[in-house]
Amino acid sequence: MGSAIPSLIGVIIATFLLSRALPGDPAVYFAGPAANAESVQQVRESLGLDKSVPEQFALYVWDLAHGSLGTSLTTGQPVADDLLQRLPASMELTFAALIVAIVVAVPLGVFAAVRPSSFVDHFCRGTVTVAAAFPTFFVALLLVYVFYYLLGWAPQPLGRIDEIYYVAPDTVTGFYLIDTLLAGDSESFRGALAQLVLPTISLALFALAPIARMTRASMLTALGSDFVRTARANGLSGATVLFTYGFRNALLSITNIMGMIFSFLLGSNVLIEQVFGWPGIGAYAVSAVIASDYAAVQGFILMMAVIYVLLNLVVDLLAGLIDPRVRFEG
Amino acid sequence: MTLATFAKDTRHAFAENPLTLVAVVIFTLLLLCAILGPSLVPYDPLMTDSNARMVPPSWQHWFGTDHLGRDIFSRVVVAARLDLGMAVTAVAASFVIGTSLGAIAGYRGGFVDQLIGRVFDTIMAFPLFVLAMGIVAALGNSVVNIIIATAIINLPFYGRYARAEVNVRRDAAYVEAARMGGNGSVRILARHIVPNILPPMMVQASLNMGWAILNAAGLSFIGLGVRPPEAEWGIMVSEGASYIFSGEWWTFVFPGMALVLAVFCFNLLGDGLRDMIDPRRRT
């Protein structure tokens with residue numbers, strides 16, 4: 001909690017400053033290209049731009065407290081509604097990528113640490129170095145080209161579900177994989193899963209590198225430490241030493257880089273959604289930027305930052321569960 | 001570090017990790033493209049040719065041509081200047097500004113330290129690419145603003161490091177001696193403390209380069225900053241992406257591979273540089 005609240009305050013001030021940093025008259029920008037003098041004046045008053053800066057800030061915070069992020073020019077809807085409606089699509093993709101990255105990278109790193117300089121270790125280092133150099137949007141396009149265009153294994157990269165063949169599930173959680181299961185519709189589940197595979201892999205690939213690298217490094221440190229030697233000397237089994245003594249200690253350093261991983265995943269989401277026609281908040285923000293729809297852009301940035309701060313908070317709490325020392329220091 | 005030991009470390013780093021040598025070769029190649037690009041290429045990168053649209057790679061057009069008949073090889077080579085230029089400028093700016101702010105914070109402590117620390121914390125409270133998008137959207141859609149955005153999101157990495165390193169040296173004996181000798185704060189920082197923390201900061205900068213390239217290319221991929229018909233790798237990939245469903249792979253694969261090569265090269269160089277400067281941190 002200690003770091004989350006100052007971060008949130010900082011985020012709110014920064015987004016406020018960004019929205020007032022527009023060159024020229026912000027009211028003109030917020031009113032959009034089709035505005036005349038009258039509607040600009042209207043926007044100026046509704047945004048409170050005729051008031052002093054501290055008053056404007058108070059108004060901004062007041063609106064935020066009431067869940068208002070302004071109205072989007074392109075959709076004509078409140079920005080908050082637009083974003084909330086598209087948020088599950090983005091989150092489903094982000095979490096899927098996170099899970100894939102962890103499930104692949106952690107065992108890879110552990111193997112590499114258990115047998116340093118072995119084939120697995122070199123393979124791990126090699127793939128990690130190469131994967132880190134590939135821009136996510138380029139990986140995504142390559143995957144689409146190979147698996148959709150050449151091989152025909154993947155469905156057309158146009159959104160979350162092919163609505164010609166499948167029925168989109170009723171919204172319960174907004175996560176299609178969960179909603180289709182809740183509805184007991186295994187056909188649609190397969191359809192949604194097929195759409196999710198390529199964007200997930202593209203997004204997960206870049207996150208693999210830092211997780212695998214950190215797992216390897218922290219496992220090496222843990223396994224080389226005195227308490228592991230003592231555990232071995234006392235005759236504990238290999239698996240107990242590896243997981244209870246080695247891995248649990250290595251986990252803390254892995255949670256430490258989760259902040260960076262989330263920063264990367266949330267940012268790259270924007271690029272991946274663009275490639276796959278994914279109807280998430282990233283694609284919404286890109287079209288908003290192109291259309292100079294400033295209220296929508298500001299809302300998006302604020303929402304992303306809030307999600308990011310909250311995710312970091314969860315990571316901190318998890319770190320406390322993994323290592324009681326963190327709780328005492330905290 | 002004397003020149004002789006530096007040369008020895010360099011030789012050792014190459015022997016230990018031959019990939020560093022590969023990176024140096026790629027780097028030289030990229031540099032050549034960036035400096036001499038326009039005079040090296042066979043075609044004008046902006047010249048359209050309606051008779052040669054979407055020609056697959058051939059002897060005439062090594063990387064094929066795009067939807068306007070422009071030679072992709074020429075465009076990829078010429079784009080090196082813009083792509084590397086954006087990344088170098090952004091990294092240099094965040095290096096200088098971040099180090100200065102961090103050094104001041106670490107040296108002065110107190111309120112100044114807290115204020116600067118808060119600014120860094122706030123930048124880090126955003127997913128960085130999203131913040132870069134927001135900055136470009138707010139400042140306006142131009143190449144200069146892409147550079148500014150990339151520089152801002154990188155500030156904390158240098159600032160926090162410089163702050164921590166300066167903070168531990170603030171009361172070191174040689175700093176006390178310099179102070180006793182009548183040197184002012186600015187002079188102590190610039191001449192006595194900062195030179196000591198520069199080598200690891202430069203490793204950070206070279207590791208940062210690859211990331212700055214990805215960031216700038218990502219922004220232009222979504223249509224921010226660089227505008228057509230300008231040749232830039234990110235925007236070329238994005239233009240080529242429209243032809244993926246008709247199988248014209250060369251339009252996006254070559255500029256994309258150029259990006260990969262550049263990022264790969266800087267990551268390896270950073271690793272190699274770290275091995276040279278700090279032999280203890282070799283992994």
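The values are calculated or read from the model by the stated rules, or taken from the named source; none is laboratory data. For clarity, every value in this text was computed on a predicted model and none was experimentally measured. Glycine gets a Cβ as well: all are built from the backbone with ideal geometry, and neighbour counts include every protein chain shown. For the accessible areas, the whole protein counts, side chains as well, though only heavy atoms, and no ligand, DNA or RNA atoms are used. Shrake-Rupley method; radii C 1.70, N 1.55, O 1.52, S 1.80 Å.
Once each part is reduced to its C-alpha centroid, what is the distance from the range A:269-320 to the range A:202-262 in angstrom? Result: 31 Å between the Cα centres. Take the accessible area of A alone and of B alone, subtract that of the pair with a 1.4 Å probe, and the total buried over both chains is about 3700 Å².
Solvent-accessible area assigned to carbon and sulfur over the protein assembly as shown amounts to 66 percent, based on a 1.4 Å probe.
Within the range A:150-164, what residues put their amide N at less than 15 Å from the label point 7 Å along the Cα-to-Cβ vector of residue A:183? Hits in the range A:150-164 for residue A:183 at 15 Å: A:160-164. Rounded to the nearest 10 square angstrom, residue A:17 shows an accessible area of 100 square angstrom against a 1.4 Å probe.
Rolling a 1.4 angstrom probe over the protein heavy atoms with all chains in place gives the protein assembly as shown an accessible area of 46 Å² per residue. Can you give the helix-only mean residue ellipticity at 222 nm for the protein assembly as shown, where every DSSP H stretch with n ≥ 4 adds -39500 (n - 2.57) and the sum goes over all residues, rounded to the nearest 500 deg cm²/dmol? Estimated from H runs of four or more residues: -23500 deg cm²/dmol. Once C-alpha pairs closer than 8 Å and six or more residues apart are averaged by separation and normalised to the residue number of the range A:85-275, the relative contact order reads 32 percent. The trypsin sites (Lys or Arg not before Pro) of the range A:237-329 include none that meets both conditions, a loop assignment by DSSP and at most 16 other Cβ atoms within 10 Å of the site Cβ. The residues A:136, A:230, sorted by heavy-atom accessible surface at 1.4 Å with ligands and nucleic acids left out, run A:230, A:136 from largest to smallest. For residue A:71, the amide hydrogen comes within under 5 Å of the amide hydrogens of A:79, counting only partners 5 or more places away or on other chains and with H modelled in the peptide plane. Computed from phi, the 3J(HN,Hα) profile of the range A:305-316 under the Karplus parametrisation 6.51, -1.76, 1.60 (θ = phi - 60°) reads 5, 5, 4, 5, 4, 5, 4, 4, 4, 4, 4, 4 Hz, with x in place of Gly and Pro. When the other protein chains are added to the chain by itself, burial of at least 50 square angstrom of heavy-atom accessible area (probe 1.4 Å, ligands and nucleic acids ignored) affects these residues of the range B:216-247: B:221, B:222, B:244, B:245. When nucleic acids and ligands are ignored and a 1.4 Å probe is applied, residue B:248 ends up with an accessible area of around 40 Å². When nucleic acids and ligands are ignored and a 1.4 Å probe is applied, residue A:216 ends up with an accessible area of around 40 Å². Placing A:226, B:271 in order of accessible area, with the largest value first and a 1.4 Å probe, yields A:226, B:271. In terms of accessible area, using a 1.4 Å probe and ignoring ligands and nucleic acids, A:94, A:240 rank largest first as A:240, A:94. Helices that extend 18 Å or more along their long axis by alpha-carbon positions and average at least -0.5 on the Kyte-Doolittle scale are, among the DSSP H runs of chain B, B:3-16, B:18-40, B:72-108, B:110-124, B:143-169, B:194-221, B:250-277. In order along the range A:145-158, the phi-based Karplus estimate (6.51 cos²θ - 1.76 cosθ + 1.60, θ = phi - 60°) of 3J(HN,Hα) comes to 4, 6, 8, 9, 6, 7, 8, x, 7, 9, x, 4, x, 10 Hz; Gly and Pro are listed as x.
Between the residues B:267, B:213, B:254, the greatest Cα displacement towards the positive end of the dipole of the protein assembly as shown, with unit charges on the Cβ of Lys, Arg, Asp and Glu, is found for B:267. Counting only other chain Cβ atoms within 10 Å of each residue's Cβ, the peptide A:147-160 averages 1.
The relative contact order of chain B comes to 24 percent, based on Cα pairs under 8 Å that sit 6 or more residues apart. Annotation: amide H-H contacts under 5 Å for residue B:231 (H modelled 1.01 Å from N, sequence separation of 5 or more, or interchain): none. Remark: the range B:49-58, residue by residue, has Karplus-estimated 3J(HN,Hα) of 9, 5, 7, 10, 7, 6, 7, x, x, 8 Hz, where x stands for each Gly or Pro and the curve is 6.51 cos²θ - 1.76 cosθ + 1.60 at θ = phi - 60°. Once the Cβ-Cβ distance of residue A:125 and residue A:167 is raised to the sixth power relative to R0 = 45 Å, the FRET efficiency obtained is 0.50.
Exposed loop sites are taken as chymotrypsin sites (Phe, Trp or Tyr not before Pro) in a DSSP loop (any state but H, G, I, E or B) with at most 14 other beta carbon atoms within 10 Å; the longest stretch of chain A without one runs A:166-330. Taking all Cα pairs closer than 8 Å and separated by 6 or more residues, the relative contact order of chain A comes to 26 percent.
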